[in-house]
Amino acid sequence: MSESVKRTFAVFVEDKPGVLNRVASLFRRRSFNIDSLNVGATHEAGVSRMTIVCDADENKAKRIEANLYKMVNVLWVDDITHKQSINRVLALIKVNCSRDQRAEILRICEVFRARAIDMSPERVTIEITGPQEKVEGLVSVLKPFGILELVQTGTVAMTRGVEKHSRAHPTVPASRHSAA
Amino acid sequence: MKETLVTPANPKLKNRIGETLSGSQIIWEALVREGVEVCFGYPGGAIMPAYDAMVEYPIHHVLTRHEQGASHMADGYARASGKVGCCIATSGPGATNLVTGIATAMLDSIPMVCITGQVPSHLIGSDAFQETDITGCTIPITKHNYLVTRPEQIAPTIREAFYIARSGRPGPVLVDITKDAQQQSCVFEWSDGEIVLPGYRPDYAPLADQIEDAVELIRTAKRPIIFAGHGVMKAEATEALENFVEKTNIPVACTLLGLGGFPATHPRNLGMMGMHGETWVNKAIQDADLIIAVGMRFDDRVTGNLKTYAPTAKKIHIELDPAEINKNVHADVPIVGDAREVLEELMPHVGDCDRADWLAYIDEIKGDSAVRDIKNLPDLGKLYAAHVIHDLYRFTEGKALVVTDVGQHQMWEAQYYKHDYPRKLLTSGGLGTMGFALPAAIGAKFAEPGESVWVICGDGGFQMTQAELSTCAQEGIKVNVAIINNGFLGMVRQWQEFFYGGRYVATPMLSPDFVKIAEAHGLTGIRVEKRSEVEAAVRKAEATKGTVVIDFRVEQEDSVYPMVPAGATLGDMIQRPSKPGTHEHNPIFETGEDE
């Protein structure tokens, strides 16, 4: 049995009422623990894309995939964990910032390629996008200043290169092809 | 299972395509076009418009006494006929009462469509009278479900619902229709064209390399065993399996729901596996070097402890649902596909084989660990459940369509009533739903009016849904009900005896006089207390016109043997403790001779 790792699934679903509920219900019912789930529209009408991050070993990952495929509204599932991919979260961080701390905080933002997007006499709000680890890095550096508020999205992910996802996907669950 | 997309022609249906119809009319138009002839249900506020329109259509409605009965009846209808069962209920409590029956159908992959009324769409979310989010409730226990709020959605949704329910791995589909959608009108349109569901894949075909790998494993196996599950029946693969077995001489073990999928009296049929399976079957599984699992899902009641399960066997898993592959048991060769197609593809590639050593070995362990021979039992004047069921088997010549409830009698039925044909044993295997038997039998009788339908149930389960006797009386239909009445919730009592220090907490059960209950419904009741009375009672029941209830007063503290305790190793079974005559509670001893 392989090790449990953080897995990322790109899940294409029909944009219909209740689909998020169905997918979330599936994960809960089968005791698959969701780390983060992000859903939004795609460039294709009627198709939404979810990025689901969860802990699973190879066998569990295949079962997650097969169970997702069982849902009538799920069009295509891509386990991109081991594919070359771009993973991003977006975070907004509001920190204490006195006048004489401003320069330092803005320097920190530069290092992390984050942006100050709002400022008041005593605080600054920073926007950062990047992999989860980068966001965590910025948060740890900002902590000493006093974080007042933090909000972040779940991961959104996309494979690199020119692969195009079309609507009629011939793909079927991996468990059909091979034993885990 | 090949899907036909042609609408069943019903000559009684006028062609009203293109006319303006109400949503209610469209519901019945769609149901009739999907082949529904009988619909089990219970009216109420939010479904009243649909009921009002029903009278125009050639559908027989069966008024149940509880919506749970309606869902079990639709389930029983589907199991007996192989067609899609249909039930209908109102919103709120009507819909939630269906839930147990829906979950039962889900766990046993039964094709069923449930129509529920919903409060008017503008009231959804307002906690209106009799409002329940039934689509939300049933997401985990349906194959799919729908909320319909507009009349023009009704026909295509019902069509999709039937298609999803019966195709691929079947299952229940719920269609919740708001009252305003039933009341409003639109132009009725119906298409017989292909249903396009871009995300739905019911039709996996086996892959060539998997077939090759399987053939290789079968060729080299010395001690192979075939598992026949429910999928054999669903794929109508009985004949294909028989041909395969004739050629390969591989013995067959059945799951509970697989009983009848392969003839019980076939010389290669070993019997049932699992918790209350036959000892030699479980031993053979533990000793096998190859398991060919056909249309089954390695339920925990079948495997016992997974860590010690069939340790020397490679596994070929033939299953239509990819999500079942490697769920419980690692498959060395998974073959995702329809059981019949896969068996037929394998057929030309497997060789004739006699397997004398392996079959002789199984005969040997069968001899050692004993076949129950209840023919030679001493009649101690008492009545034993196994006797009753075995006698039922004999006097009905194994031809009855038997519907069981859940518990001890269910296991005894599986052990003592030998089913040679598919769809002759209906039982709630996956969910284990008490109260299933009587309503499911009513559904089965509607599906197969020519069959002799027998309910075998306990005193506990019977009382859960005994109100459906009224339905039998009102509909004038005949089922025979054998209540194995031991005054206990028998299986729970057995577990208390084995695993809870014999503390019989909440299992002794006082029941009403079932003979009088039958008579109160205008039906026939018979009480049987001695084995010598069994035959006459069974014959009388068969000869009587209406529904007959037989109250078999059996030994109270009898247990089902052999037994693999939950989570124990499969081969490690509790055997019946004593020989006849030495312990009067345990008269059913095991000898080396089957009949």
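The values are calculated or read from the model by the stated rules, or taken from the named source; none is laboratory data. Fair warning: this is a prediction, and the values are worked out from it, not measured in the lab. Note that each Cβ is placed from the backbone with ideal geometry, even for glycine, and that neighbours are counted across all protein chains shown.
For this structure, a couple of remarks:
- Odd one out for B:Gln210 among (1) within 14 Å of chain A (Cβ to nearest Cβ); (2) within 30 Å of B:Ile26 (Cβ to Cβ): (2)
- Residues being in a loop (DSSP other than H, G, I, E, B), more than 13 Å from chain A (Cβ to nearest Cβ) and crowded, with 20+ Cβ neighbours inside 10 Å - total across the stretch B:277-297: 5
- Of the strands (runs of 3 or more DSSP E) lying entirely inside the stretch B:434-553, those containing at least 2 residues that are under 25 Å from B:Val99 (Cβ atoms) span B:453-458.
- Test result for B:Glu3, of a type in the set (Asp, Glu), farther than 30 Å from B:Glu236 by Cβ, over 16 Å from the mean Cα position of the chain (by Cα) and modelled with pLDDT under 95: no
- Residue in the stretch B:204-218 that is part of a helix (DSSP H, G or I), without any contact (Cβ under 8 Å) to a residue 40 or more places away in the chain and of a type in the set (Val, Ile, Thr) present: no
- Every pair of residues 6+ apart whose Cβ atoms lie under 7 Å, when the first sits in the stretch A:1-25 and is of a type in the set (Asp, Glu) while the second is assigned to a loop (DSSP other than H, G, I, E, B): A:Glu3/A:Asp57; A:Glu14/A:Gly46; A:Glu14/A:Asn73; A:Glu14/B:Gly199; A:Asp15/A:Gly46
- Hits in the stretch B:167-199 (condition: more than 14 Å from chain A (Cβ to nearest Cβ) and either within 15 Å of B:Ala78 (Cβ to Cβ) or charged (D, E, K, R) (or both)): B:Lys179, B:Asp180, B:Glu189, B:Asp192, B:Glu194
- Within the stretch B:232-240, one or more residues are in contact with a strand residue (DSSP E or B) (Cβ under 9 Å, 6 or more places away or on another chain), part of a loop (DSSP other than H, G, I, E, B) and not assigned by TED's automatic domain parsing to the domain that holds B:Leu426.
- Checking the stated criteria, B:Arg65 turns out not to satisfy the condition of being within 21 Å of B:Arg166 (Cα to Cα) and charged (D, E, K, R).
- Hits in the stretch B:194-214 (condition: within 13 Å of B:Asp332 (Cβ to Cβ) and touching a helix residue (DSSP H, G or I) at 6+ places or on another chain (Cβ under 7 Å)): B:Ala214
- The combined condition, being in contact with a strand residue (DSSP E or B) (Cβ under 9 Å, 6 or more places away or on another chain), crowded, with 16+ Cβ neighbours inside 10 Å, of a type outside the set (Lys, Arg) and under 20 Å from B:Tyr416 (Cα atoms), is not fulfilled by B:Ile442.
- Only listed residue being within 18 Å of the chain's Cα centre (by Cα), within 30 Å of B:Lys307 (Cα to Cα), of a type in the set (Gly, Ala, Ser) and surrounded by 13 or more Cβ atoms within 10 Å (Cβ to Cβ), chosen from A:Ala10, A:Ala56, A:Ala24: A:Ala56
- Residue match in the stretch B:229-237 (condition: away from every other protein chain (no Cβ under 14 Å), within 30 Å of A:Asn73 (Cβ to Cβ), acidic (Asp, Glu) and under 26 Å from the mean Cα position of the chain (by Cα)): yes
- Set B:Ala543, B:Ala536, B:Ala520, B:Ala440: member being touching a residue at least 12 places away in the same chain (Cβ under 8 Å) and outside the structural domain of B:Asp108 (by TED's automatic domain parsing): B:Ala440
- The stretch B:110-143, residues that are out of contact with any Asp or Glu (no Cβ under 6 Å at 6 or more places or on another chain), without any contact (Cβ under 8 Å) to a residue 60 or more places away in the chain and buried (at least 23 other Cβ atoms within 10 Å of the Cβ): B:Thr138, B:Thr142, B:Lys143
- Candidates A:Leu20, A:Leu68, A:Leu75, A:Leu26, filtered to the one that is touching a His at 6+ places or on another chain (Cβ under 8 Å) and within 14 Å of another protein chain (Cβ to nearest Cβ): A:Leu75
To keep it simple, each residue is scored yes or no on (1) under 26 Å from B:Glu324 (Cβ atoms); (2) within 14 Å of chain A (Cβ to nearest Cβ).
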site	(1), (2)
B:Cys114	yes, no
B:His122	no, no
B:Asp127	no, no
B:Asn145	yes, yes
B:Thr149	no, yes
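- Every residue from the stretch B:298-340 that is in a helix (DSSP H, G or I), small (Gly, Ala, Ser) and closer than 25 Å to B:His276 by Cβ: B:Ala339
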